[in-house]
Amino acid sequence: MRGIFCYAVANTNEEYRKVVKNRMTLFVLMALAGALAIAAPLLLDHFWKNDIKEGLFDIYIGFGSGLLAISVIFWFMHWRLLRNENKLKEERIKSNDERLVEIGNRSLRFASNMMIASMYITTLIVGLYNTILFIILLINMCVLLLAYAGAYRYYLRKM
Amino acid sequence: MQTRIQELRKAKKVTQSELADAVGVTRQTIISLEAGKYNASLILAHKLAQFFEVPIEEIFIFDKEEENL
């Protein structure tokens, strides 16, 4: 999963220490997002007596707790990493390793193709029953392709 | 691409881990390079050449037929 979440250019342990600290800040934000996902349906239910569907309420709580738990665990793992110079060096080399970066890029390319294919099939099936979902899925697919085209043009000028 | 990394490494009496540490990659990358399963970038090729104190073309064996040239 390094290709997606953990790629970092750091030639020394000091540089990598900054990367790890930035990631720890990101985990705090992720934990807050998780807490918000838990709090939103609870507050709606308690103060405004908003009628939330039973299943949806559980999904919000489950998603929020998962995000919160993972963020706390990752934050702690990175905190421990900062206290061990050898482990820090090992992780720095792994996150800079060109072969691992290439493996991450290829995996991401494969996953993107799979996602486009699955979205296309889902859009066709959903389109028969629900127009709004059909349009949302179509927009999502367009966003993905437009993001690719935009990024491609950007890197074409940069490299 | 075939390489002479293993041969040069053994001649210099260094382990895969030591070589990996010296050029800043993982041991698995050295294993893949030695097996010819992964092609090194220009930067890594330079680092390896500096480590073994030989020109790049003495480490990496460029096969014209393999590259369709």
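The values are calculated or read from the model by the stated rules, or taken from the named source; none is laboratory data. Since the model is a prediction, treat every value here as computed from it, not as a measurement. Using ideal geometry, Cβ is built from the backbone for each residue, glycine included, and neighbour counts are taken over all protein chains shown.
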Practice task
Name the one entry in B:ALA40, B:ALA49 that is in contact with a helix residue (DSSP H, G or I) (Cβ under 7 Å, 6 or more places away or on another chain) and at pLDDT below 95.
Solution key: B:ALA40
Handout entry: A:ARG92 vs. criteria under 21 Å from B:THR29 (Cβ atoms) and either surrounded by 14 or more Cβ atoms within 10 Å (Cβ to Cβ) or modelled with pLDDT of 90 or more (or both)
Key = yes
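For A:VAL101, state whether it is of a type outside the set (S, T, N, Q), in a helix (DSSP H, G or I), surrounded by 11 or more Cβ atoms within 10 Å (Cβ to Cβ) and at pLDDT below 95.
Values: of a type outside the set (S, T, N, Q): yes; in a helix (DSSP H, G or I): yes; surrounded by 11 or more Cβ atoms within 10 Å (Cβ to Cβ): yes; at pLDDT below 95: yes.
Yes, satisfied.
Scanning for something more than 10 Å from every other protein chain (Cβ to nearest Cβ), assigned to a loop (DSSP other than H, G, I, E, B), of a type outside the set (Lys, Arg) and under 10 Å from the mean Cα position of the chain (by Cα), does segment B:55-64 turn up at least one residue? Can you show your working first?
Kept after step one, since they are more than 10 Å from every other protein chain (Cβ to nearest Cβ), are these residues of segment B:55-64: B:55-64.
Subset that is assigned to a loop (DSSP other than H, G, I, E, B): B:55, B:59, B:62-64.
From what's left, of a type outside the set (Lys, Arg): B:55, B:59, B:62-63.
If we keep only those that are under 10 Å from the mean Cα position of the chain (by Cα) as well, we get B:59.
Yes, that holds for at least one residue.
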Exercise for the section: Kindly establish whether B:ALA49 is away from chain A (no Cβ under 14 Å), under 23 Å from A:ASN96 (Cα atoms), of a type outside the set (D, E, K, R) and not in a loop (DSSP other than H, G, I, E, B). Expected result: yes
Practice task
Considering every residue within segment B:11-23, establish whether at least one is in contact (Cβ under 8 Å) with a residue 12 or more places away in the chain, closer than 26 Å to A:ARG92 by Cβ and in a loop (DSSP other than H, G, I, E, B).
Solution key: no
Problem - Residue within segment A:97-107 that is touching a Lys or Arg at 6+ places or on another chain (Cβ under 9 Å), among the polar types (S, T, N, Q) and within 14 Å of chain B (Cβ to nearest Cβ) present - result: no
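Of the residues that sit in segment B:10-40 and are exposed (fewer than 13 other Cβ atoms within 10 Å of the Cβ) and within 13 Å of chain A (Cβ to nearest Cβ), which one is nearest to A:ALA10 (Cα to Cα)?
As a first pass, look at segment B:10-40 and keep what is exposed (fewer than 13 other Cβ atoms within 10 Å of the Cβ): B:10-13, B:15, B:17, B:35, B:37.
From what is left, the residues that are within 13 Å of chain A (Cβ to nearest Cβ) are B:17, B:35, B:37.
Working: B:SER17: 20, B:ALA35: 27, B:LYS37: 26 Å.
Only one residue tops the list, namely B:SER17.
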Handout entry: Among (1) surrounded by 15 or more Cβ atoms within 10 Å (Cβ to Cβ); (2) touching a residue at least 24 places away in the same chain (Cβ under 8 Å); (3) within 14 Å of another protein chain (Cβ to nearest Cβ), the one test that A:LEU81 misses
Key = (3)
